[in-house]
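The values are calculated or read from the model by the stated rules, or taken from the named source; none is laboratory data. Just so you know, these numbers come straight off a predicted model, no measurement behind them. Heads up: the accessible areas ignore ligands, DNA and RNA and are worked out on the full protein's heavy atoms, side chains in. Shrake-Rupley method; radii C 1.70, N 1.55, O 1.52, S 1.80 Å.
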Amino acid sequence: MKQELVLRWTFYFAGLIILAFGVSLTIEGKALGISPWDAFHYSLFQHFGLTVGQWSIIIGALIVGLTSLFTRAWPKIGAILNMVLIGVFIDFFNFLLPAPSTYTGSVIVFSLGVLLIGYGVGVYVSAGLGAGPRDSLMMLISEKTGWNVQWVRNGIEITILFAAWGMGGPIGLGTILTAILTGLILRFSLPQSIQLLNYAVARRTAAVKATPPLH
């Protein structure tokens with residue numbers, strides 16, 4: 001049981017790192033536009049300073065607070081770690097990554113970023129240790145209203161998209177592509193990640209059982 005929990009947390013943290021790296025790559029390739037939430041955080045950074053990662057944490061904290069207020073329950077540790085670590089990792093990778101000097105470079109960097117976002121989400125969700133603040137908000141609205149989860153998600157994304165656009169955030173073709181392709185990639189990355197995690201757990205369990213007891 002302990003070994004399985006360690007593996008799950010390993011997948012969780014690895015997924016967040018991959019996801020944040022993907023987000024940073026799309027930000028560096030922002031000539032095409034980036035996802036609605038990231039464009040919103042970027043527009044806040046442009047207008048009010050701080051960093052993209054810090055705004056991601058601040059908005060995430062507001063969402064976590066509102067969600068906890070409505071559910072009258074303490075936020076799950078997974079949601080808090082998701083909120084904080086993704087913001088920290090985004091700033092870390094934004095600091096390290098150079099901006100592409102050509103449009104072709106932006107396309108390549110952006111495409112790789114979208115791929116990593118899809119796989120990062122798949123890896124961290126497969127751990128089953130809690131959703132991020134934005135997904136928790138989506139589930140709360142769906143539960144309270146009875147509306148379809150996909151429609152709620154689309155509604156939130158469109159609202160944030162217009163907010164980012166109104167503030168001059170990097171909205172473009174890449175924004176639409178991110179929404180479409182991330183979902184498509186997730187259809188493959190999530191089952192693959194679950195299968196890999198189950199395989200790792202089974203191997204670790206078998207290894208522990210095969211270890212002779214100490215006398």
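Points worth noting:
- Any hit, the stretch 205-215, residues being open to solvent by 60 Å² or more (accessible area, probe 1.4 Å), over 17 Å from the mean Cα position of the chain (by Cα) and at pLDDT 85 or above: no
- Residues satisfying the stated conditions in the stretch 175-201, i.e. of a type outside the set (S, T, N, Q) and under 24 Å from Asp38 (Cα atoms): Ile176, Leu177, Ala179, Ile180, Leu181, Gly183, Leu184, Ile185, Leu186, Arg187, Phe188, Leu190
Matching residues to (1) within 20 Å of Gly122 (Cα to Cα); (2) open to solvent by 60 Å² or more (accessible area, probe 1.4 Å); (3) outside any helix (DSSP H, G or I); (4) of a type in the set (S, T, N, Q):
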{"residue": "Leu7", "(1), (2), (3), (4)": "yes, no, no, no"}
{"residue": "Phe13", "(1), (2), (3), (4)": "yes, yes, no, no"}
{"residue": "Ser24", "(1), (2), (3), (4)": "yes, no, no, yes"}
{"residue": "Ile34", "(1), (2), (3), (4)": "yes, no, yes, no"}
{"residue": "Asp38", "(1), (2), (3), (4)": "yes, no, no, no"}
{"residue": "Tyr42", "(1), (2), (3), (4)": "no, no, no, no"}
{"residue": "Gln46", "(1), (2), (3), (4)": "no, yes, no, yes"}
{"residue": "Ile57", "(1), (2), (3), (4)": "no, no, no, no"}
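Let's see how each residue does on (1) farther than 19 Å from Ile17 by Cα; (2) at pLDDT 90 or above; (3) of a type in the set (S, T, N, Q):
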residue	(1), (2), (3)
Gln54	no, yes, yes
Ile57	no, yes, no
Ala99	yes, no, no
Tyr103	yes, no, no
